Structure formats: structure tokens, C-alpha cells
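Working notes for the structure below.
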Amino acid sequence: MAYAALSSLIYTLNQLLKPNQSLVCRCCTQEHLESLCQNLSALQDFLDNTTTKDIGTLKVIEKRIRNVVYKAEDRVDSSLRSIILADHEDKRQKACRSFYEELLKVEQQVYFLNKEVMLVKFNKHGIKSAESATNPSSLEKSKIEENTIVGMEDDFNIILDRVTSQTDELTVIPIFGMGGIGKTTLARKVFGDSYIRSRFDKHAWVTISEEYNERQMLLEVVSSITGSKQETSDDQLMEIVYKGLKGRRFLIVIDDIWSTKAWDQMQRIFPNDDNKSRILLTTRLKYVADYVSCPDFPPHSKSFLSLDDSWNLFTEKIFKKDPCPSLLVKIGKHIVQQCQGLPLSVIVVAGLLGKIDPTHNNWKIVEKNLNSFFGTVSERCQSILSLSYNYLPQYLRTCFLYVGGFSEDMEIDVSKLIRLWIAEQFVKVRNNKRLEVVAEEYLQELIDRSLILVGKQRANRRMKTCKIHDLLRQLCIREGQTENGLNVITGDVPKAIYHSMQHSSRITRTFIPMPSFGLIFPKRIFSIVLELKLLKVLDVLSIECNFSCVIPHLIHLRYVAARIEKALSLAKLRNLQTIILQSLEETELKHPVDIWTMSEIRHVDIGLPLYISNPLDAENHSIGEHPLFLNNLHTLYLHYSPFVEEIITRSPNLKKLKISDRSEHPIFDSLSLLHDLETLQIATFDPMIFSGDIFPPNLKKLKLSYTRLPWEVVNLLANLPSLEVLKGNDAFKGTNWRLDEDVVFRKLKHLKIVAGDLQRWEAGSDNFPMLEQLILHQLRDLEEIPESIGDIMTLKFIQINCCGSGVDTSATKIQEEQQSLENYELQVQITPMPDLARATTPVAWNSWDKKPLWNRETVKVPLVRRVIEVSRRASKLLKRTLMGFGKDRPM
């Protein structure tokens, strides 16, 4: 997209304007660089601030900007690459002269582009796009708005309760959700219900859509409450509406509202006479729903249909009241499952299948060609879904399209997605916040606009993964092809590479292949990647190949994730923000990697055989020998590093730190210096001596493995005022954990204890006033859970896995007591030990893959097979331990 192209080039130019840069001559280039940046920023501001109905003209302008700016970036990057790779001074001088000449050409091209764009005049009335022309009366929408609420009975009852509640005050009841999910269907069912209608004197239905037209809205309301059309001024129409509703109990439905501004203009015409009047409102945008809602009635989120409800809706549409023939049930359910619970998709599928004879052979052909079939389904749904995309601000459009590049049905890792967005320069500084925080806000905005779905959550309730509905993914792909501007290779890599190589004007900047790519092109993989000389993002972590010789040549990389097996130099990769390097085989420390001149670095995860070099060595070779600090580094994983303390003290702004260590010397004295640290994970094979004050005060999440902390020290962790998550994997030592009244984990929400010799746990509800989740695994000697734990008002979930029978019994008792008090929110999940496992045989627990190496189950037959399996896994762990291998994994 044009916006993404501008952001990327501006970033590159700003790097050249930094005082400490040494690539180009500042005295010759600074004036031109500043002028170029100014014109590029003006174009970006133009896109940010342009609000027009003339979508056609705007797309022409975007295409023009995109083409010019991408070619300009190619010129700049190619010239810089020649400078950086020059191995002789004369070559460098020649490359610098070439860069200067290219810079002048680019400056001139962008200058004239800016003038050209600023002279464009938009059609005030706009050009009706296909979707806007068909939106209110399109076939798909009219079908979904029929008075059928299959699978929506619970939703209907919730809205019914709110509409008929005894609250006197005028109440707004918002329903929000993705386009096509059935918000209008639900509202129409409520609006048309005879019982509900009988409770109100006046009724009106108003459809707003994305372009709010106040006069049209007023005419619709006047027509509904007076029964006649009246052509008069807007002020007089408002007066008619207000007087017509004054003193009467009314029910107004405002369907498909897109902005808070529209609501602000509308609400003044509705009198509040404390007579139980109601306004039912539908929107795709959560922030609009939040804005209009009342404290007692939070917005209702319309959810997707279950598979059973989707099937019932499908069969009702295609077979009416007749049952589905038994031969078609299995195939039909498989087809309907692809709709992923979206009513619009189910109805369109039913409409398409309804046009062919319902025979096993016909439906089998459809099942074998699901991609093609659902391509047709997607096209039929676009008139509704594309409205959400067209309404996005510029800075969110590229982020949304990028998500469509991930595989179908994939749970997308949020942390990875954010790092990629930042590397692509999609995220702009906002209110002095960290880019990671701004990116999270971007993602939340897309979720609130019903375009991205929340996936799994972390222990602290923060988002771990996100998803995208297949129809919206198809929308991303279609819009991306229309834009033809992301320059990304993902998914179907062979086709994408062929397309990229055939269009020399389109330089690929992002390469994220599927794992199968390494199998398809095992010998060509390196030559293919090396051809992509101007890559900014390379993520080949899923490919089992050694990229040690490839990475140093891709000097424009901002994001690299790959596997290696020998030393490599990153000295020329000045713009790296994310480094993720993993070994192809288990090995010990061999090769240092110098990251101490990478001022842009934000995320570092370097596995064996590599390790981060000693910063003292880099400082001794730097000009002036000043301390080197990585001020932008926020996430750091250290795997058996010999320089932990030196690295930590020079990374003052860390937010997340993982340390795997097996040294006997104290390595944690420097932790207290990390005032911004929020997440800390420590794994060590040698018990460490801790004091309670070594941990940073703002720590929110702490995970410990094999640390063998005495319970007295664990109690000191209660002094951490922000601690929300505490996880221990064979981390605590002692048979008795006693918490006195003054030991209070004030904000702890998640407590997980795995393995150990704990026998007695003495605690009360006041020790954990905010606890929501309690997880206990492999505590075979623990007698019971303290009974008063059940009295914690916030407790929602207890999970017990392979603990003693007393723990199982006490967990069940706590749940039963809470249910007797009508608290049915507490969920208890128990996986008991096998009977043979309740003997005295101990357990050896592998922290890294969360599997017991050997336990009481090993006495079961067939014994030989179990012995072989135990020997194999024990040998593997021993090798990891001795050779320093082991990548920390989440518990």
C-alpha cells in the first residue's frame, strides 16, 4: 500500500539523518534528505487526513504514490547496499557518488508527485462502489435479515431481558459484532416480536450505514411515528420527532451505525421521560458500542454459531422443514464447518448448494473443491464485509492486509505479529509510547472493529494469539492483489516467487515461507533468498536449513528468524530490530555475536552455538571507549551466556527477560537495575541463592524453574506490588509453605506450582485476594488445598494434575461448597494419578517439554518398551544438560 511504502522509505531516510551515521556525507546529503522526508511526510499526512466518498479517485492516487515511492526506495536501498558492501575505498567513493545522484533523482520525482497529488480534486458526491450501491438491499443482506434466529435463542433472551427490564431511564442497548454475524437479524426479531411491541407506544427502525445522513434518518423516524412522509426543514423534522415521542414509551432501532459523531447528533432528538423507553443499536465497532452503552447494560457481543446451530440454519434454508437425507449429512457438515459459524456464510452456502440437485455425487464434487467453492462464497459476501475494510483509517489498512498473509485457520502469535508490524514500519510513534504498546493498540482497534478475532490468552489475560475468519482473510487477499503493494512472499511461496521474479518493478521485501518450501526447493533455497537482495524481513525459522552464509548478505534486514550451525557476522546489518537464531543441532557454546552497535535492536533470541559477545570487548574497540547501551532492547533471551551481568547492565529498558543458566556464580545482582522489567523467566540446573530484594519492583510475571527457593523466600515475593503471575517448575524447596497474615500477594491472579516436595500448605483467602487461577501439577505429597482458598471472591479456575488424592478431594470439596453458595463460576479440572502411581516411586520432571521422564506408570507393561522410551528421554535430557542445550518454553 501507498501508506506502507511511505513509512518504510521515511524510516530509511531518518536513519541517514542521525548524527552518528557514517554511511553518507552529511554535508552533501542532509539538505536533500530533509527535503525528501518533508515531501514524503506531506503525502502521508494527505492520506491520513483525506476523507472522501470518491473511492475511485483515491485508489488511483494511492496507486500512483505507491509506484513512485517503491521505485524510489529501491533506488535508495540499492545505492546504500553498494556503499555498505564496498570492500575498497575507491569502490565506496564511487558508490557514494552514485547514491548522491540517485538521491537527487528521487527528491525531484517525489517533489513533482507531491505537487501532482495536491492538485487532485475529488468528486464531492463520490462514485458509488459496488458494495455501497448494493449494501442496503443486497441479496445476501436481505436473506440474513429474515426473521429466523436459528442459534440465536440465547442472544434473543438476553436482549429481551434488557428491553423489558424495570429500569425507568431511557436505555441504549448496543449489539456489536462482525459483518454478517446476524446483528440485524437479531434486532429485527426483537423489533418484530409481538410481546415486545405491545409494551411500547411508538416504534421506529432507522438504518444508518457508514455514511451518516441526518436528513434521511429524520425522514425515516418521522415516517415511522407519524405514518406519513413530510418534506420540511431539518429543524422542523427534529421538532416533529421530539414532540411525537415526548411523553410516550418508544422503541427505536438504529441499525448499522459507524461513528460516535453520528450518535451525538442523533441522541438529542430522543426525549428521556423515565418511562422505560429503549433504543436498540447495532454496530460493527466495539468502541461505538462502548460509547453509547449504559453502565447497567454493557454492549452485547454477537457470537458465532456453533457447528450444530450452523447445520440447523443450513438445513432450514436448503431443505425447509424436511430433514437432510442421511447420505448427505457427513459431507454437508464438513462443508458447513468451513463457514466457521458466520451466519452470512452459512446462508450463502445454502443458496449455492440449493441451485444444484442434492445428490451425494454433486455434494462430493463441492467437498473436493472447497477452495474454489468458498472463493465463490467469499465473492457473494464481499458487498457486506468490504465495508469494514473501506472504513479503516490508513494506518490500520496495511496491518489488516498483512494478517491475511498468514495460513488459513492459523493461530497467529501476537508477539510475533507485533514484531513484524514494527519491522515493516507499519507502526508510528504515538504519545511517546513504546512501539510495541502502540502496535497492541492497533491490534485491539482491529478487534474492536470486528475484523480480527481473539485467540488464546496468557495467564495474565493478555492476548497470546489472534485469528482471522476465512472470509475476511479472502478479503485481505483480494484487496492485497488489488493494491499489489505489500511486496510480501508468504503462503503459496512457489507461485509468489514466480510472480515476483516476473515483475522486476516489484521488489520483494518480506519472505516468510511455509515449512514445505524447504522440501520443494531444497537445493535452490539459498540462491532464491540471495536474489531478494533488498529484503527487510526474513523468517525462515520453519525451514531446517543452515542460513549462516545467507544472512550477512541481506544488509537491509530489520527482522531475521533462521536456523544456523556456524558462526556468522551481523556487522553490516545496521537496521536489525529482531534477531531470532536457533541451532540446527545440539551443541555447546562456540561463536560470539556482536550486537553492541545495533542501536535499533528490540528483540534478541540467540541460541546455541551462538552467544552474545561480551560488551566490554566491544567497548574497548569503540571510539572513545564509552559504555555501549542497547536502549531500544525490550525482549532478551539468554541461553547459558557467560556474560549475563554485563549484558543486563547495558540493557536498561528491558521489558521481558529469559535466562537459562547453570553457573554457580551469582548472576542476578543486576536484576534490580531493570526498573521497567515486567516479565522474568529463570531456569537453572544449580540451586541458586536468592534474596527477596533482587527482583525488579515493577515485575508482573515471574516464572522459575529448578531454582529450589525456600518457601520463606517465596513469601518475600509478596513484596512485589505488581506481581500478577507466579509459576514454579520444581522451583520451590521445603515441605511446609506457611503464609502469615502479613504475607499478601495483592495483585496475584495466576499461581502455578509444578513438582516439588511440598506436603502442607497453610494459607487463607486474604493471602491471595485477587487470585483467579490456581494450577497444581505433580505435587504427590501435598495433603490438601487450604479450605479457605475457596473463599477468594475472584477465583474462577482450579486445575489439578497428578497430585495426591487429598488434593483432588479438597479441590472437589471447594467446588461443592461454592456451588452450595450459588457460585457456579468456579471451574475445577482434575486429572488424578493412576492407582499404581500413588506408590512411593518418585518423579523426574522435564521442564522443557513438560513431560515426566519416568514415574510410577513405568511399572506398567509392556515393560521393555517403557524402559527403552525412558532411556531415550533420559539420555536426551542428560545431553542437553551437559552440553548446555535447552530452549525455555512456556509452561
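Taking the range 221-237, which residues are surrounded by fewer than 18 Cβ atoms within 10 Å (Cβ to Cβ) and not basic (Lys, Arg)?
223, 226, 227, 228, 230, 231, 232, 233, 234, 235, 236
Quick check on my filter: what residues within the range 787-817 are of a type in the set (Gly, Ala, Ser) and part of a helix (DSSP H, G or I)?
788, 790, 805, 806, 810, 811
Mind listing just one residue for me: the one in the range 141-165 that is among the hydroxyl-bearing types (Ser, Thr, Tyr) and either open to solvent by less than 40 Å² (accessible area, probe 1.4 Å) or touching a Phe, Trp or Tyr at 6+ places or on another chain (Cβ under 8 Å) (or both) and, of those, modelled with the lowest pLDDT?
Within the range 141-165, the match that is modelled with the lowest pLDDT is 148.
Being under 18 Å from residue 459 (Cβ atoms) and either among the acidic types (Asp, Glu) or in contact with a Leu (Cβ under 7 Å, 6 or more places away or on another chain) (or both) is the filter here, so list the residues in the range 760-772 that pass it.
Residues satisfying the conditions are 768, 770, 771, 772.
Would it be correct to say that residue 426 is part of a loop (DSSP other than H, G, I, E, B) and touching a Cys at 6+ places or on another chain (Cβ under 7 Å)?
When the stated conditions are applied, residue 426 passes them.
Starting from the range 406-419, keep only residues that are touching a residue at least 40 places away in the same chain (Cβ under 8 Å), then list their pairs with residues that are of a type in the set (Gly, Ala, Ser) and open to solvent by less than 40 Å² (accessible area, probe 1.4 Å) whose Cβ atoms are within a distance under 6 Å, requiring at least 6 positions of separation or different chains.
411/455
In the range 818-838, what residues are in a loop (DSSP other than H, G, I, E, B), in contact (Cβ under 8 Å) with a residue 12 or more places away in the chain and more than 18 Å from residue 750 (Cβ to Cβ)?
832, 833, 834
Results for (1) among the acidic types (Asp, Glu); (2) closer than 23 Å to residue 721 by Cα, shown as yes or no for each residue.
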site	(1), (2)
756	no, no
766	yes, yes
771	no, yes
780	no, no
784	yes, no
791	yes, yes
801	no, no
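Given the condition outside any helix (DSSP H, G or I), surrounded by fewer than 21 Cβ atoms within 10 Å (Cβ to Cβ) and modelled with pLDDT of 90 or more, answer yes or no: does some residue in the range 429-439 qualify?
Scanning the range 429-439, I find at least one residue that is outside any helix (DSSP H, G or I), surrounded by fewer than 21 Cβ atoms within 10 Å (Cβ to Cβ) and modelled with pLDDT of 90 or more, so the answer is yes.
So, in the range 581-598, of the ones that are without any contact (Cβ under 8 Å) to a residue 40 or more places away in the chain and surrounded by fewer than 20 Cβ atoms within 10 Å (Cβ to Cβ), which residue ends up nearest to residue 652 (Cα to Cα)?
Among residues in the range 581-598 that are without any contact (Cβ under 8 Å) to a residue 40 or more places away in the chain and surrounded by fewer than 20 Cβ atoms within 10 Å (Cβ to Cβ), the one nearest to residue 652 (Cα to Cα) is 597.
At least 3 residues that are open to solvent by 20 Å² or more (accessible area, probe 1.4 Å) in each: list the helices (runs of 4 or more DSSP H) lying fully within the range 305-395 that qualify.
It comes to 307-319, 326-337, 360-368, 370-390.
Quick test for you: out of 601, 595, 580, pick the one residue that is outside any loop (DSSP other than H, G, I, E, B) and not assigned by the TED database to the domain that holds residue 22.
From the options 601, 595, 580, the qualifying one is 580.
Quick test of your reading of the structure: residue 689 fulfils all but one of (1) at pLDDT below 90; (2) assigned to a strand (DSSP E or B). Name the failing condition by number.
(2)
Residue by residue through the range 166-203, note down the ones that are polar (S, T, N, Q) and without any contact (Cβ under 8 Å) to a residue 12 or more places away in the chain.
194, 198
Rundown of residues vs (1) over 17 Å from residue 214 (Cα atoms); (2) assigned by the TED database to the domain that holds residue 207; (3) assigned to a helix (DSSP H, G or I), yes/no style:
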| site | (1), (2), (3) |
| --- | --- |
| 242 | no, yes, yes |
| 248 | yes, yes, no |
| 253 | no, yes, no |
| 258 | no, yes, no |
| 267 | no, yes, yes |
| 272 | yes, yes, no |
| 275 | yes, yes, no |
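Is it the case that some residue within the range 86-93 is in contact (Cβ under 8 Å) with a residue 24 or more places away in the chain and open to solvent by 10 Å² or more (accessible area, probe 1.4 Å)?
No, the conditions are met nowhere in the range 86-93.
Restricting to the range 166-209, and then to whatever is closer than 24 Å to residue 242 by Cα, small (Gly, Ala, Ser) and under 32 Å from the mean Cα position of the chain (by Cα), can you tell me which residue is surrounded by the fewest Cβ atoms within 10 Å (Cβ to Cβ)?
209
A quick yes/no check of all residues on (1) open to solvent by 50 Å² or more (accessible area, probe 1.4 Å); (2) at pLDDT below 95; (3) touching a strand residue (DSSP E or B) at 6+ places or on another chain (Cβ under 9 Å):
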position: 775; (1), (2), (3): no, no, yes
position: 791; (1), (2), (3): yes, yes, no
position: 804; (1), (2), (3): no, yes, no
position: 819; (1), (2), (3): yes, yes, no
position: 822; (1), (2), (3): yes, yes, no
position: 838; (1), (2), (3): yes, yes, no
position: 841; (1), (2), (3): no, yes, yes
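Does residue 630 count as surrounded by 16 or more Cβ atoms within 10 Å (Cβ to Cβ) and over 23 Å from residue 514 (Cβ atoms)?
So residue 630 passes the test.
Just to be sure I understand, how many residues within the range 9-32 are open to solvent by less than 10 Å² (accessible area, probe 1.4 Å) and either assigned by the TED database to the domain that holds residue 398 or closer than 30 Å to residue 59 by Cβ (or both)?
The total comes to 2.
Residues being under 30 Å from residue 533 (Cα atoms) and open to solvent by 40 Å² or more (accessible area, probe 1.4 Å): count how many of those fall in the range 46-77.
7
The values are calculated or read from the model by the stated rules, or taken from the named source; none is laboratory data. For clarity, every value in this text was computed on a predicted model and none was experimentally measured. Glycine also receives a Cβ, built like all others from the backbone with ideal geometry; neighbour counts cover every protein chain displayed. These accessible areas exclude ligands, DNA and RNA; they are computed on the full protein's heavy atoms, side chains included. Shrake-Rupley method; radii C 1.70, N 1.55, O 1.52, S 1.80 Å.
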